[in-house]
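Coordinate-derived values only; no laboratory data. Here the structure is a predicted model, which is why all the values come from computation and not from measurement. Here the Cβ positions follow ideal geometry from the backbone for every residue, glycine too, while neighbour counts run over all protein chains shown.
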Amino acid sequence: MHHWTDRPRLAVDALILIDNRLVLVRRGNEPFKGRLALPGGFVEFGETTEQAVVREVLEETGLHTKVSRLLGVYSTPYRDPRGHTVSAVYVVRKTGGNLRSGSDAAAVKLVPLSKIPRLAFDHSDIVADFKKARRAIR
């Protein structure tokens, strides 16, 4: 018999650019406590991934956003030390609100795309994919 924890968990992460700077949160909790990461979190029951990413961004950054597009789905089994977590990563745009840290974010930072430090989880790989996708669109 399987328990629900035997299955991958579903998460979302957001890429938000404001004046060519990426919105990052400093993690307030383990894993990777103190490390910068993309805003995001787990999808709740009854919620779409699009609703989840908008909610998580608001909770962690104070920003109201709208989904622009899906960047990709990241599913490497060991990307999260807490267990197999699949993340739908969205490019979202700010529609309102003021940047402030909330819920499990210790701080919120705006970091130029050219100066992104090493991020938590596989978020450095996600940002690299985002940069490649932006170059391809231009």
With angles folded into 0 to 90 degrees, how steeply does helix 49-61 sit against the dominant principal axis of the chain? Use alpha carbons for both and round to 10. 60 degrees
Pick from Gly46, Gly102, Gly28: which is most flexible by mean-square fluctuation in a GNM of the chain where alpha carbon atoms under 10 Å apart are linked? Gly46
Loop only per DSSP, at most 11 neighbouring Cβ atoms within 10 Å: give me the chymotrypsin sites (Phe, Trp or Tyr not before Pro) in the range 59-138, ordered by residue number. Tyr78
How far, in nm, would the chain grow between Asp6 and Ala136 when pulled straight, counting 0.36 nm per residue and subtracting the alpha carbon separation? 43.0 nm
Need one word for the range 4-137: rounded, prolate or oblate. Basis is the Cα gyration tensor (sqrt eigenvalues a ≥ b ≥ c); a/c below 1.5 gives rounded, then a/b vs b/c decides. rounded
Using a Cα distance threshold of under 24 Å, what count of lysine pairs results for the range 4-137 when pairs must be 8 or more residues apart or interchain? 14
FRET efficiency for Asp104 and Arg69, using Cβ-Cβ distance with R0 set to 30 Å, rounded to 0.05: 0.70
